[in-house]
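Here the structure is laid out as structure tokens; the discussion comes afterwards.
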Amino acid sequence: MSESEETGFLYPFIDAEERDAAPLLRDLAASARSKAAESARLQQASIEEWGPDLDRAGERAARSFARGGRLYTLGNGGSSTDAATLASLFSRPACGRPVPAWSLAADQAVVTALGNDVGFDLIFSRQIIAHAKPGDVAIALSTSGNSDDLLTALAEARVRDLLTIGFAGHDGGRMAVTNDLDFCFTIRSQSIHRIQESHALLGYRLWAVTQEHLARDTSTSGGQL
């Protein structure tokens, strides 16, 4: 595949081999503005759709953390980096209360060992078995909502009585209909890029709501959670 073929779906006007830089720059700027506008529209729509459920999920997560619960995040590919960012936000926030949180895709030795020894579909569920306890929290991110390894892990988390939260895209896939999720936040877009951008915003909203409830519980209990 040539370089132009690799980028053509993102910037088809580049293939026109424009020799004058000015029109090309205008097209690039217009493309960036269009993508930014669509991202902003989708994020607003997602917040409006899922705001109440995010508040409920944050309240339940705060109760879990107040009782010593831990957070495990999981995702594949780009969603694994989003999962790592979310775990870092909870465990090392710029403000507020840190809570114990880990990305289950972060340890490449563990992930590759499990993938090699027992199969890729079990790389997250085996870690849930090893580490999770009732009352912990699991957050799974998938742009398709159909990742087998995430769904297997969520089933294991359900058996072990974890609070389970999913971030999906498109129509939500299997994550939208599984009984193994307490909450599923679906971003209604066909664009992986726009889905992940909205996942980031909803993840931040979930963290913020959780912090609000943790702070409220601390103040009303005299500092004892």
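Coordinate-derived values only; no laboratory data. No experiment lies behind these values; they were computed from the predicted model shown. Reconstructed Cβ throughout: ideal geometry from the backbone, glycine too, with neighbour counts over all protein chains shown.
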What is the dipole size for the chain, taken about its Cα centre, with +1 at each Lys and Arg Cβ and -1 at each Asp and Glu Cβ, in debye to the nearest 20? 1080 debye
Rounded, prolate or oblate: which fits the stretch 100-225 when a ≥ b ≥ c are the square roots of the eigenvalues of the alpha-carbon gyration tensor, with rounded for a/c under 1.5 and prolate only if a/b beats b/c? oblate
Report the FRET efficiency, 1/(1 + (r/R0)^6), for Arg67 and Ala113, where r is their Cβ-Cβ distance and R0 is 30 Å, rounded to 0.05. 0.40
Hey, what angle do you get for helix 148-159 against the long axis of the chain, alpha-carbon based, 0 to 90 degrees rounded to 10? 20 degrees
Classified through the alpha carbon gyration tensor (a ≥ b ≥ c as square roots of its eigenvalues; rounded if a/c is under 1.5, else prolate when a/b is larger than b/c, else oblate), the stretch 38-102 comes out oblate
Put +1 on the Cβ of every Lys and Arg and -1 on every Asp and Glu Cβ in the stretch 46-218; which of Ser198, Ala87, Ser142 then has its Cα farthest towards the positive end of the dipole? Ala87
Let me know the shape class of the stretch 116-186, please: from the alpha-carbon gyration tensor, a ≥ b ≥ c as square roots of the eigenvalues, rounded when a/c is under 1.5, otherwise prolate if a/b is greater than b/c, or oblate. oblate
Alpha carbon centre of the stretch 51-67 versus the stretch 122-185: separation in Å? 16 Å
What spacing in nm lies between the two simple spin-label points modelled at Arg33 and Ala208, each 7 Å away from Cα in the Cβ direction? 2.7 nm
Quick check on the chain: helices-only [θ] at 222 nm, where DSSP H runs of length 4 and up contribute -39,500 (n - 2.57) each and the sum goes over total residues. Nearest 500, please. -18500 deg cm²/dmol
Relative contact order of the stretch 46-218 (C-alpha contacts under 8 Å, at least 6 apart) in percent is 26 percent
Give me the extension gain from His193 to Ser91: residue separation times 0.36 nm, minus the current Cα-Cα distance, reported in nm with one decimal. 34.2 nm
Likely footprinting exposure, Ser88, Ser39, fewest C-beta neighbours within 10 Å first: Ser88, Ser39
Answer label, with Cα Rg over 2.2 N^0.38 Å calculated from the coordinates and candidates [x] 1.15; [y] 1.67; [z] 1.03: [x]
